[in-house]
Amino acid sequence: MEAEAAILPNISLVNVDELSRLKDETLQKREAEVPRARIIISGYIAEFLEWHEMRRHVSVLKAAKTKLKELHTHPLYTRLAGQAVPGNGDADEQIQRVINGMATRMRQYNQGGCHYIQAINEYIGG
């Protein structure tokens with residue numbers, strides 16, 4: 001009777017043993033991809049942890065940038081800058097370069113201590 005059902009229109013005859021074999025093959029293919037999926041996930045976790053580590057320093061970097069901008073507009077600095085302190089281009093660009101360097105050192109070397117003093121020295125030094 002089963003063979004007769006296969007010739008009916010819009011009917012597909014499926015063998016249960018064949019379904020079981022297909023399921024097993026599909027499961028094996030999926031399991032074979034697990035190591036690759038773990039590598040991909042590990043990569044994203046590493047990227048996230050690096051991003052998270054950088055975010056840890058955002059408040060310090062913002063504070064340093066604010067202080068450098070205050071320094072740049074301070075009357076004493078503007079008087080000195082007009083005479084002895086060399087200026088390398090636009091102040092905002094120079095401040096951003098100092099902040100970028102500070103961020104890189106904080107990330108690469110996990111430096112402790114006072115980053116403000118070093119940033120100020122870099123800014124004044126040109």
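The values are calculated or read from the model by the stated rules, or taken from the named source; none is laboratory data. Not measured: the values here are computed from a predicted model. With ideal geometry, Cβ positions are generated from the backbone for all residues, glycine too; neighbour counts draw on all protein chains shown. When the accessible area is computed, the model is the full protein with side chains, heavy atoms only, and any ligands, DNA or RNA have been set aside. Shrake-Rupley method; radii C 1.70, N 1.55, O 1.52, S 1.80 Å.
Of note:
- Scanning the range 18-38 for residues that are under 35 Å from the mean Cα position of the chain (by Cα) and not β-branched (Val, Ile, Thr) returns Leu27, Gln28, Lys29, Arg30, Glu31, Ala32, Glu33, Pro35, Arg36, Ala37, Arg38.
- Taking every residue in the range 1-14 that is without any contact (Cβ under 8 Å) to a residue 24 or more places away in the chain and pairing it with any residue that is in a helix (DSSP H, G or I), at least 6 positions away or on another chain, the pairs with Cβ-Cβ distances below 9 Å are Ile11/Ala5; Ser12/Ala6; Leu13/Glu2; Leu13/Ala3; Leu13/Ala5; Leu13/Ala6.
- In summary, helices (runs of 4 or more DSSP H) completely within the range 22-126 and bearing 1 or more residues that are of a type in the set (D, E, K, R), at pLDDT 85 or above and open to solvent by 70 Å² or more (accessible area, probe 1.4 Å) occur at 58-73, 91-109.
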